[in-house]
Each structure stands twice: as structure tokens, then as C-alpha cells.
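Sharing a structure, written as C-alpha cells. Questions coming.
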Amino acid sequence: MFLQSFISYLLLEKNYSKHTASAYEKDIQSFIDFCAGEFGLNDISNVDYTLIRSWIVSLVNENLSNRSVNRKVASLKAYYKFLQRIGEIATNPLVKHKALKTSKKIEVPFSEEEMQRILSQLPFDDDFEGKRDKLIIDLLYTTGIRRSELINLKIHDVDLSGKSLKVLGKRNKERIVPLLSPTLDLFTTYLVFRNELEKIVDKEYIFLTKSGNKIYETLVYRIINGYFSKVSSKVKKSPHILRHTFATHLLNKGADLNSVKELLGHSSLASTQVYTHNSIAELKKIHSSAHPRSKKL
């Protein structure tokens, strides 16, 4: 068994996060448990695709979504690719596997009006948490950074005079994101309140709880969901929707796809193109209202 070697490879050579590597390990362990329980097989290094297909069928029968099944199979495929790379197996049993069909998930972004109501009309408490929450919402919307990237921002990452933010993205890839003037003002005010906290435990991090500890994922989700529940009837109100809103609003205003790609920290245009759906819808609306041929005679 080379599972731990594979996990070390993901962490040290591929620069995957601990969370991602743990997800890979759980997916592969799921297959190991299946092989041991159903076939008495403890070594999965050399298996036939028919056995893997039996596992896939069992996952489907457990009512897992096709998307979840595809993720688990992708983890296993990466493991076999690693075994092939280090010379433990000659061929990857999943090399010809075709992923199960999934429906395209279309995220509905917040409208410009909803963002305006949140940031310009909704009252925020005039205290540490109020200043922090407003800055978090504004920063996610004006920079498009991921929730994990926001949580891990450090004091030295923000350059107020240079109006920029250094962001450490996936696989430790750094990018510089520009900051807008209103965001800079919110940053300046928040840092004053932050520095007045009675106790600061995680001093290097920008965003803290009122007890001085680094903020965490569920807190950021609660902040976004709580405030947007006051102005939006959308079912999904999460930090990722703000990232989607950032990209959609830029594209709707004519931003270049490559520029949006760089701002989001994507490695390929394919990842960015998922955000063009709403942009195309906006273009259709403009085209229909502006073109002479669209007017009824």
C-alpha cells in the first residue's frame, strides 16, 4: 500500500492543502474498504476495471450524486496515476473511464441592486464586528477572493499605500489584487477597531473574532448568509456566490475574460468561462433592447 506516500506527494510536491489531501485519502480509503469487504482484497495496487465499476455501482446505489461519485473516482484515478509514475503499476485501470453525466450547476449571482442595498443602505453596527463584517462583504465582492483566501490573509498582505492585496491561492500560487478606494477606507477603519481589541491571539492574521482569534469558515458563511437574508430572497447565499457575483458583474460591464481569470486566480480560462453564462444573458438583453431589428413594427 502506497496511500501515505501518495498523500505526502500531494502535500509536498503538488502543494495541495491539508483539506484537499484529506478528501483524496477518504475517497481512496472508501475504495479500499469496499475491496476488503466485498472481495477480501487488501491490496488495491493491481485491480481490474470491472472491480472498480462494481464500486461505482455501489456508490450510485447509495444515492450519491453523480458529481460526488465522479469526485471519488477522480481521486482513485489520481492515485493510480501516482502508482504508475513511481513504477508500481504498468497501466492505470481508470485510463479509459468516462465520468458520469452531471447537470451543469448555474450559480445565480446577487444583482447590482442587492449589492447596493447591502453596502450602501443596510446599517452595520458601529463596533468591531460591524466594521469587520462590512469589510468582509465588500472585500469578497470587490476582489473575488475565495473564502479560504480571505481567512488566511495576513497583516503584511495588505498594502494600503499601494492599494493592493497579496493573495495566496490554491497550490500556494500568489497573485496581487487591486483594492478600490471605498475598500481602502473600510480597511483603515477596521484596523483601528482591530487594534483596540483587549486581546489578540492570532496577531498575524487580518480578520479576527472579537476574542482575538483567527476567523473560521463557518463564521464567514454565517456573516454572508445573515446579512444577505435581509436583502435577498435567493436560496443560496454563500461566500462563493459573492465570488461569482464579482466575476459576473465585471463581465457584464465589458471586462476582458483573461483579466477576470487573473483576478480570480484561475489557472485556465476554462475555469473562468463558467461565469460567462450570466454575462451572455445580459448581452442578450442589451442586444434585444438596442438593435433596431428587435423593435416591433
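If the chain between residue 68 and residue 171 were fully stretched, how many nm would it gain, using 0.36 nm times the residue separation less the Cα-Cα distance?
Separation in residues times 0.36 nm, less the Cα-Cα distance, equals 34.9 nm.
Calculate the FRET efficiency for residue 54 and residue 29 from the Cβ-Cβ distance with a Förster distance of 22 Å, rounded to the nearest 0.05.
Calculated transfer efficiency: 0.80.
Shifting gears a bit: Take the chain, connect every pair of alpha-carbon atoms lying under 10 Å apart with a spring to form a Gaussian network, then pick out the residue of 85, 171, 243 with the largest mean-square fluctuation.
Ranking 85, 171, 243 by mean-square fluctuation puts 85 first.
Assuming a ≥ b ≥ c are the square roots of the Cα gyration tensor eigenvalues, decide whether region 160-208 counts as rounded (a/c under 1.5), prolate (otherwise, with a/b larger than b/c) or oblate.
Taking the square roots of the gyration eigenvalues as a ≥ b ≥ c, region 160-208 is oblate.
Continuing with the same structure: If R0 is 45 Å, what FRET efficiency do you get for residue 198 and residue 13 from their C-beta distance, rounded to 0.05?
Calculated value: 0.55.
Assuming a ≥ b ≥ c are the square roots of the Cα gyration tensor eigenvalues, decide whether the chain counts as rounded (a/c under 1.5), prolate (otherwise, with a/b larger than b/c) or oblate.
Since a/c reaches 1.5 but b/c is at least a/b, the shape of the chain is classed as oblate.
Assuming 0.36 nm per residue, please report the length gained on full extension of the stretch residue 235 to residue 273 beyond their Cα-Cα distance.
Extra length available between residue 235 and residue 273 comes to 11.4 nm.
Then there's this: Obtain the nm distance between the two label points defined at residue 116 and residue 86 by a simple spin-label model: each point lies 7 Å from its Cα along the Cα-to-C-beta direction.
Rounded to a tenth, the inter-label distance reads 5.8 nm.
How charged is the neighbourhood of residue 56? Take every other residue with its Cβ under 14 Å from the Cβ of residue 56, and add Lys/Arg as +1 and Asp/Glu as -1.
+4
Every read-out reported here was derived from the displayed coordinates using simple, explicitly stated rules and does not represent laboratory data. Owing to the predicted nature of the structure, the values given are computational and were not obtained by experimental measurement. Neighbour counts run over all protein chains shown; Cβ positions are idealised from the backbone, glycine included.
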